[in-house]
2 protein chains.
Amino acid sequence: MATTQFDLDSCLLCMTARSSKLFAKKFNLALQPFGLTKSTWTAIYYIDKHEQINQKTLAELLGIKGPSLVKIIAQLQLAQLIKVTPSPVDKRERLLTLTPAGLTRLTDGLPLAEKFQQQVTHGITQADLDIAATVMTQMLENAEQF
Amino acid sequence: MATTQFDLDSCLLCMTARSSKLFAKKFNLALQPFGLTKSTWTAIYYIDKHEQINQKTLAELLGIKGPSLVKIIAQLQLAQLIKVTPSPVDKRERLLTLTPAGLTRLTDGLPLAEKFQQQVTHGITQADLDIAATVMTQMLENAEQF
DNA sequence: AGTCAATAGTTAGCTAACTATCTATTTGTG
DNA sequence: CACAAATAGATAGTTAGCTAACTATTGACT
């Protein structure tokens, strides 16, 4: 057996993988009745927040790459939750806005997202949550550098 | 625009997704010279740690499902880093052990994993890391329940 | 003005995970 | 003991992300 102090079981990095997978699964499940997924719901959340947004910016906000967004946009467009208009300023861009139906769907989903977050963070003090967020932010910054 | 206090940007749940993706990418990159991936390296780590382990237990430790492990096992077996023997006790089980080459590969990769972890957690106090780990553990427990 | 590099988005094809379903074996119960 | 339920692992097919390579457009620099 290899001798080392290194212990994967107590590894924060491993925990993030586990967490993100589990959270995504549960959140997707919760959104299923709305006909949305974590990705599509988060997309309309950010489209609404920015009123008007292009795909590149949205992809960055969602933490995915451009090509991954294409299918999400197509789904939302098919469901008539968003409207896609060519930018008058830059013909390469497509500007995304919510349709009234899209806004309704977002609004319906919001309490669910809030409830989800509350359930997940139940029993944890705000102070500890803040520290955890700071730690995660720092780790992300560190990892991005190398 | 939907009116809400809810803010995805400051959302710990979203950060875990970003983190796990980035960490996996960087760690995979670091392991590339060894001909291993995050999954295969973590697998041999746990196989070594348990001396002898079946696929079900290993999958749980890796945080993946049985079918996902099958290909990883095949790769490790092909690279002659592990040995697969049918369990004498239960003919359904296959017991996994490291070959000498597997142990060498694990040992070679260990300093790299340690260094990786140090780099990512650089500039964060141990106290804060502990709190973050506790917070993550609690969130995982909470999420598992519903 | 003309060309060349950069940018927004798309398409095609890959990967690593997943679920559902299958076989072989084991366990537990009438 | 026999048979039903559970368990270990494999297979097939799906998914959500990725990279690489493409088109169309824009911007920058002679």
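Every read-out reported here was derived from the displayed coordinates using simple, explicitly stated rules and does not represent laboratory data. In this text, all values refer to a predicted model and were calculated from it rather than measured experimentally. Every residue, glycine as well, gets a Cβ built from its backbone with ideal geometry; the counts of neighbours run over all protein chains shown.
Give the nm distances, rounded to one decimal, from A:Ser10 to the matching residue in every other copy, measuring between label points 7 Å along Cα toward the beta carbon; shortest first.
Taking the point 7 Å beyond Cα along Cα→Cβ, the inter-copy spacings are 3.2 nm.
Pairs of Cα atoms under 8 Å, at least six residues apart: use those to get the relative contact order of region A:1-108, whole percent.
Relative contact order comes out at 23 percent.
Using only atoms on other chains, find how many Cβ atoms lie within 10 Å of each Cβ of peptide B:107-118 and report the average.
Whole-number average of other-chain Cβ neighbours for B:107-118 is 3.
Using a Förster distance of 35 Å, how high is the FRET efficiency between B:Gln52 and B:Lys25, based on the Cβ-Cβ distance and rounded to 0.05? Don't skip to the answer; put the middle values down first.
Values: r = 32 Å, r/R0 = 0.91.
Once rounded, the FRET efficiency stands at 0.65.
Can you give me the pair-distance distribution of the protein assembly as shown, C-alpha pairs, 5 Å bins, whole percents?
Per 5 Å bin, starting at zero, the Cα-Cα P(r) for the protein assembly as shown comes out as 1, 5, 11, 13, 14, 13, 13, 11, 8, 6, 3, 2, 0, 0, 0 percent.
Within 10 Å of each Cβ in A:22-32, how many Cβ atoms from other chains are there, averaged over the peptide?
3
Given only helices, namely DSSP H runs of n ≥ 4 each adding -39500 (n - 2.57), what is the per-residue ellipticity at 222 nm of chain B, to the nearest 500 deg cm²/dmol?
Estimated from H runs of four or more residues: -21500 deg cm²/dmol.
Using only atoms on other chains, find how many Cβ atoms lie within 10 Å of each Cβ of peptide B:121-131 and report the average.
5
If each label sits 7 angstrom from Cα along the C-beta direction, how far apart, in nm, is A:Gln126 from its counterparts in the other copies?
Copy-to-copy label distances for A:Gln126: 3.1 nm.
Output wanted: per-residue J couplings in Hz (rounded whole) for region B:10-23, from phi through Karplus 6.51 cos²θ - 1.76 cosθ + 1.60, θ = phi - 60°, x for Gly and Pro.
9, 9, 4, 5, 5, 5, 4, 5, 4, 4, 4, 5, 5, 4
Under a 5 Å amide H to amide H cut-off, with H placed in plane at 1.01 Å, what residues pair with B:Ile53 once short-range neighbours are removed?
Amide H to amide H, under 5 Å and 5 or more residues apart or across chains, B:Ile53 pairs with B:Leu96.
Taking each label point as 7 Å beyond Cα in the direction of the beta carbon, state the distances from B:Thr137 to the same residue in the other copies, shortest first, in nm.
2.5
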